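Peer 1: Could you have a look at this structure, given as structure tokens, before my questions?
The values are calculated or read from the model by the stated rules, or taken from the named source; none is laboratory data. Fair warning: this is a prediction, and the values are worked out from it, not measured in the lab. Here Cβ is always computed from backbone atoms with ideal geometry, including for glycine, and neighbour counts include all displayed protein chains. The accessibility values were calculated without ligands, DNA or RNA, using every heavy atom of the protein model including side chains. Shrake-Rupley method; radii C 1.70, N 1.55, O 1.52, S 1.80 Å.
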Amino acid sequence: MHTLNFPGDVPAPERLIFAADDDAGDLLLLARLLEQPGIPYPCRLFASGETMMDALLNVLRGAPAPLLCFLDVKMGRMSGFDVLRWIRCQDAFDAVPVVMLSGSNDPHHPDDAAGLGAQCFAKKFPSAIELRRLVAEAQRYAADHSTPAAFHLPCNLLVACERPAPGVALV
């Protein structure tokens with residue numbers, strides 16, 4: 001018996017969440033947080049920015065794009081900012097939100113992340129509720145992507161990269 005396959009019959013490939021951090025303990029903690037109920041996407045972990053970029057090169061060759069990328073700001077040879085800069089130079093990743101993570105108290109990091117095109121900056125580590133909000137917003141963003149500024153995160157514990165208009169407070 002032969003099976004006929006029509007383009008509509010092929011299931012869409014499962015989306016992944018990418019996460020890069022050169023600290024193995026931090027990476028495993030983030031992975032565990034992303035395994036919480038309400039986050040139905042598997043997570044692919046990378047021990048460096050370079051290894052995440054290798055996986056993203058496969059996306060440019062036809063592999064499915066990640067739903068969302070988490071990048072640690074401070075990594076070894078290539079920082080999270082370096083990887084973010086590269087991601088934003090690839091048109092294929094315009095609809096992939098990037099969340100920068102940092103344990104640093106450097107007050108310039110959120111502005112640097114926003115200037116390079118990150119959708120959000122979060123202190124290590126977001127709570128399970130915050131992660132569910134990020135993933136839900138990434139789902140909405142992927143389904144309704146129009147411009148990089150379309151990513152809106154309604155939570156008060158993360159520093160949103162988009163700055164509110166004067167007189168408007170983040171919720």
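Peer 1: Projecting each Cα onto the charge dipole of segment 68-130 (Lys/Arg +1, Asp/Glu -1 at the beta carbon, about the Cα centre), which of Gly76, Ala118, Ser102 comes out farthest on the positive side?
Peer 2: My answer, from the dipole projection, is Gly76.
Peer 1: Gain in length, Lys124 to Arg61, computed as 0.36 nm per residue apart minus the alpha-carbon separation, to one decimal in nm?
Peer 2: Between Lys124 and Arg61, full extension yields 19.5 nm more.
Peer 1: Leaving ligands and nucleic acids out of the surface, order Asp23, Asp54 by accessible area at 1.4 Å, largest first.
Peer 2: Ranking Asp23, Asp54 by accessible area, largest first, yields Asp54, Asp23.
Peer 1: Checking the a/c ratio against 1.5 first, then a/b against b/c, what shape does the Cα gyration tensor give for segment 16-131?
Peer 2: rounded
Peer 1: Also, quick follow-up: Output ³J(HN,Hα) for segment 84-90: one whole-Hz value per residue in order, computed from phi by the Karplus curve 6.51 cos²θ - 1.76 cosθ + 1.60 with θ = phi - 60°, and x for Gly and Pro.
Peer 2: The phi angles translate into 4, 4, 5, 4, 6, 8, 9 Hz.
Peer 1: Given H placed on each backbone N at 1.01 Å, which residues far from Leu68 in sequence or on other chains put an amide H within less than 5 Å of it?
Peer 2: Hits under the 5 Å cutoff: Phe18.
Peer 1: A further question on this structure: Could you give the length gained on full extension between Asp23 and Ala47, defined as 0.36 nm per residue of separation minus the Cα-Cα distance, in nm?
Peer 2: Net length gain for the segment: 7.9 nm.
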